[in-house]
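What follows is a set of notes on a single structure, which appears directly below.
Just so you know, all these numbers are worked out from the coordinates, no wet-lab data involved. Because the structure is predicted, anything quoted here is derived from the model rather than measured. Reconstructed Cβ throughout: ideal geometry from the backbone, glycine too, with neighbour counts over all protein chains shown.
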Amino acid sequence: MAEKRCQGVVDDCYRLLERMFACYSEHKKPTDNPMRFIDCPESKIEKKAKKGYTPEELEKIFAVTDSINPETNRPKYMHGNAVKLMLLTDMKIGEILALTWADVDFENMTITVNKTSSEINLSEDGKTDYSIKFRPLSNNRTRIITITSEVHSVLVALRNSNPNANFVIAQRNGEPVSKSYISRVMRECVKEGW
């Protein structure tokens, strides 16, 4: 039974074989490159549609992220702006959490995304003593995201709420926030926004 592969893997294998035969043809002078007659096969995995939110849905979610707890007169979700930043920039949770203020260029209105974070659970009970590790994006990729006026407002609010933190999304003590916590905040904000 053939394994299912995503289209990117299939394309990479096809290009590699094509280059190998081209190199072989160049040096050994065979009559034909057999890859010239083979079409790149299509992947057997269906592409999943990316979950996007309509402007109306975003408005509802942002109303939740901006909501104030009437008892404390503080934001209901301390890291609601992390959710807003993810939804406005299409960044992944790990990318948002690895983002430092050095990656944000207010002068050129850009965010440089060049790393991600991952959690490693160090405890046996699975609940405490986690460690957050930062690593470059796969293939050392770097993305540049343009800062829109909405994103700028969120970034300014984040900077003002924790001016001494190195991380854009940080705990009050400046330490990084865990992925599991931000995932939970995201789920709660989306659920409450419906």
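So, in nm, how far is label residue 78 from label residue 57 when the simple model puts each one 7 Å beyond its Cα toward the Cβ?
With each label placed 7 Å out from Cα toward Cβ, I get 2.9 nm.
Checking the table 60/115; 92/115; 76/115; 115/191 against a 20 Å threshold on Cα-Cα, which pairs fail?
As for pairs spanning more than 20 Å Cα to Cα, those are 60/115; 76/115; 115/191.
For a footprinting-style exposure proxy, rank 182, 68 by other Cβ within 10 Å, fewest first.
68, 182
Between residue 173 and residue 150, what FRET efficiency follows from the Cβ-Cβ distance if R0 is 30 Å, with the result rounded to 0.05?
Values: r = 28 Å, r/R0 = 0.93.
Using R0 = 30 Å, I get an efficiency of 0.60.
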